[in-house]
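Notes to accompany the following structure.
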Amino acid sequence: MAENNRAVIKLKEKFASSVIDVKEFRGEVTVTVKKEDVIEICKFLKENLQYNLLTDVTAVDYFGKDPRFMVVYNLYSIPNKDRLRLKAPVAESDATVDSVVPVWTTANWLEREVYDLFGITFRNHPDLRRILMTDDWVGHPLRKDYPLQGPGREPYKGRLS
């Protein structure tokens, strides 16, 4: 069913080498793309397919796997009443991805939150600094290896499942 989605068809036509995976679960379509092409894909989605609302930017930590992180963009097309989830894998060794603030200004604080809580850096972000934790906070609390008792404690080194 996801393969018949208009956005998926257009993305596969224009960015065939960038689309890593397409899934549909309970009517929600998720497209996983290479992080290097996130800006161009987001511009295309906004300008050509009318995904004019970025509802959220978040991340997932797959501690113990490579790539460790997945940056997740939740998009909505108001004119078409259609949702799309875009995901980009990010390795722990290079936890950076381009900022989508030039595409959707709402990404500003959303990317700051991901930076603060996961430690993923957004290149070319206009004001990348902590937003929830204090400036002197050590670590990133939503990483799965963050110490359960807080900073200064031994990080969890066991198996998370």
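Before moving on, here are some points about what is shown:
- Each of Asp135 and Lys23 was given a label point 7 Å from its Cα along the Cα-to-Cβ line. The distance between the two points is 4.0 nm.
- Stokes-Einstein D for the range 77-148, Kirkwood Rh over Cα pairs, 4 °C, 1.567 mPa s (µm²/s): 95
- Förster radius 45 Å - calculated FRET efficiency between Asn80 and Thr121 (Cβ-Cβ, nearest 0.05): 0.90
- GNM result for the chain, Cα springs below 10 Å: residue of Lys12, Lys34, Lys81 fluctuating most strongly: Lys81
- The mean sequence distance of close C-alpha pairs (under 8 Å, at least 6 residues apart), as a share of the length of the chain, puts its relative contact order at 17 percent.
- Global form of the range 1-63, assessed from the alpha-carbon gyration tensor, a/c cut-off 1.5: rounded
- Compactness of the range 93-135 as Cα Rg over 2.2 N^0.38 Å, two decimals: 1.05
- Pairwise FRET efficiency - Arg6 versus Val60, Cβ, R0 = 22 Å, nearest 0.05: 0.25
- Net charge dipole, the range 36-83: roughly 200 debye, given to the nearest 20, about the Cα centre with Cβ charges of +1 for Lys and Arg and -1 for Asp and Glu.
- Viscosity 1.306 mPa s, 10 °C: Kirkwood-radius Stokes-Einstein D of the chain over Cα pairs, µm²/s: 96
The numbers here are math on the coordinates, done by the rules we state, and not lab data. Nothing here was measured: the structure is a model prediction, and the numbers come from that model. We place every Cβ from the backbone using ideal geometry, glycine too, and count neighbours over all the protein chains shown.
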